[in-house]
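Novice: Mind having a look at this structure? Questions to follow.
Rule-based calculations on the coordinates, nothing more; no lab input. Computed from a predicted model, the values in this text were never measured in an experiment. Cβ placement follows ideal geometry from the backbone for every residue including glycine, while neighbour counts extend to all protein chains displayed.
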Amino acid sequence: MTGALRADAWRIAAAVPDPEVPVLTIADLGVLRGVEVDGDVVRVHITPTYSGCPAMDTIRDDIILALTAAGFPLVEVRTVLSPAWTTDWMSDAGRQKLAAYGIAPPTGRSASGSRGSTRSPIRIALSVRCPRCGSVDTREVSHFGSTSCKALYECRACLEPFDHFKVH
Ligand SMILES: [Zn+2]
């Protein structure tokens, strides 16, 4: 019974959209880390895409609203800061949705590619690819794009500005 409840709770929490990129759900982003059902309490664990991301308060409220509307009486949202979120946690579907939305999907996957415990916070800076024409001849215009989680880039090839998710 608890297993079915947990699956329901996961499905509802997973459908919560990211307030900054509404085509993405928090499950697409890898922000949703875990859902536990403990008696009457649903406990949801989330990891912000970067510490201090202002969207996390909205995400927390949306998770609580969605779950209480679905009949879960007590919802706790816990923010888990360790291990830190990495772009590796984004689903492939999430990356495809981002590209379709006109935001460059995060690059700079960890060199090892492993999902083990030895995740290094240091990442190799790779060229940012223009989501419109695919050129890597791009430059950062501003470290803060349309939201503080994104940086504004400009493509030198097609001269289009675009948002790029900050890579951690
Ligand atoms: Zn371009």
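Novice: Can you give me the long-range amide H partners of THR25? Hydrogens built in the peptide plane at 1.01 Å from N, cutoff under 5 Å, separation of 5 or more residues or another chain.
Specialist: Sorted by chain and number, the residues that satisfy this are ASP18.
Novice: I've got another one for you. Along region 150-161, what does the Karplus equation 6.51 cos²θ - 1.76 cosθ + 1.60 (θ = phi - 60°) give for ³J(HN,Hα), rounded to whole Hz, x for Gly and Pro?
Specialist: With coefficients 6.51, -1.76 and 1.60, one gets 10, 10, 8, 10, 10, 8, 6, 7, 10, 6, 8, x Hz.
Novice: Right, something else. Say R0 is 25 Å: what FRET efficiency, to the nearest 0.05, do ALA99 and ARG11 get from their beta-carbon distance?
Specialist: E(calc), rounded to 0.05, equals 0.50.
Novice: Take GLU140 and ARG156, extend 7 Å from each Cα along the Cα→Cβ direction, and tell me the distance between the two endpoints in nm.
Specialist: If labels sit at GLU140 and ARG156, their model points lie 1.7 nm apart.
Novice: Same structure again: Averaging sequence separations of C-alpha pairs under 8 Å and six or more residues apart, then dividing by the length of region 2-79, give the relative contact order as a whole percent.
Specialist: 31
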